[in-house]
Amino acid sequence: MPELALPLLRRLFTEKPWALLAWPVLAMLVALPARWLLGHVSQRLAIVPRTAGGLVGVATAPFLHASLAHLVANLPPFVVLGALVLRKGSHRFVETGAIVALGAGLMVWLLGRRGAHQGASGVVFGFFGYLLGLGIFLRTTDDLVIAVLVLLAYGGLLAGLKPARTQTSWEAHLFGFAVGLAKAWWLRR
C-alpha cells in the first residue's frame with residue numbers, strides 16, 4: 001500500500017492543478033494543532049478589526065480554525081468548491097482565491113465586529129459566490145450547470161450570510177460571498 005500512496009501524494013503536492021488545493025489544505029491541517037500549542041498567542045494571526053496587528057490576519061486567518069469541528073465544517077466545501085473553481089484553470093484559481101481572501105479579509109478588518117475572526121469560511125463563501133456568479137453573469141452552459149449543482153448542494157450556505165450574535169464570523173461569509181460575486185461580474189465584460 002505505501003508503494004501506491006507515496007507516488008499519489010507526490011503527484012498531489014507537486015503537480016498542478018491539484019497542488020494548488022493540496023497545499024492550503026495541508027496548511028489548515030497543520031495550523032490546527034499548532035494553534036492548540038500556541039493557545040491565545042495564535043489569536044495574533046486572526047483578523048482583529050481596526051488594529052494594526054489584526055492586519056496580519058488578512059493573510060493568515062483563512063488557515064486557522066478555532067476547533068476540529070470548525071475545520072471539518074470548512075474543509076469539504078473548500079475542496080469541492082475549490083476544485084470547481086480550478087476547472088477554469090490554475091491561474092484563475094489562484095487569482096480568485098487571492099482576491100477573495102484579501103478582499104473579504106480587508107473588509108472584515110475594516111467593518112467587522114470586535115474580536116478575532118479566523119477560518120476558511122470567507123474563502124468558501126467567496127468560491128460559492130464566484131461559481132454562482134459565473135452562472136448568472138456568463139451564462140455558458142457549463143457555468144449554468146455548475147451554478148445549479150452548487151446551489152443544490154451548498155444552498156444552505158446562504159443562511160450563513162445573515163447577521164448572527166454567535167462567535168461565527170458572518171461578516172467573513174457575507175464579504176467573501178460579495179467579493180466572489182464581484183469577481184464573476186468583472187469577468188462578464
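Every number here is computed from the coordinates shown, using simple stated rules; none is lab data. Note that this is a predicted model, so its numbers are computed, not measured. As a convention, Cβ positions derive from the backbone with ideal geometry for all residues, glycine included, and neighbour counts pool all protein chains shown.
If r is the Cβ-Cβ distance from LEU158 to THR14 and R0 is 35 Å, what FRET efficiency results, to the nearest 0.05? In this case the efficiency is close to 0.45. A Gaussian network model of the chain, with springs between Cα atoms under 10 Å, assigns the largest mean-square fluctuation among ALA69, ALA46, ALA61 to ALA69. When you filter the trypsin sites (Lys or Arg not before Pro) in the range 73-169 for DSSP loop state and at most 10 other Cβ atoms inside 10 Å of their Cβ, you are left with ARG114, ARG165.
Straight-line reach from LYS16: which aspartates and glutamates fall under 19 Å, measuring Cα to Cα and dropping same-chain residues less than 8 apart? Reachable aspartates and glutamates: GLU95. For the range 124-189 versus the range 1-52, the inter-centroid distance based on Cα atoms is 24 Å. For the range 129-185, the mean projected area of the C-alpha convex hull, equal to one quarter of the hull surface, is 3.7 nm². Three principal axis extents of the chain based on alpha-carbon atoms, in descending order, are 47, 46, 26 Å.
The range 76-136 gives an Rg/Rh value of 1.00, both radii derived from C-alpha positions and Rh following Kirkwood. So what's the back-of-envelope 222 nm ellipticity for the chain, counting only DSSP H runs of four-plus at -39500 (n - 2.57) apiece and dividing by all residues, rounded to 500? Rounded to the nearest 500, the figure is -21500 deg cm²/dmol. The charge dipole of the range 2-187, taken about its Cα centre with unit charges on the Cβ atoms of Lys, Arg (+1), Asp and Glu (-1) only, comes to about 360 debye.
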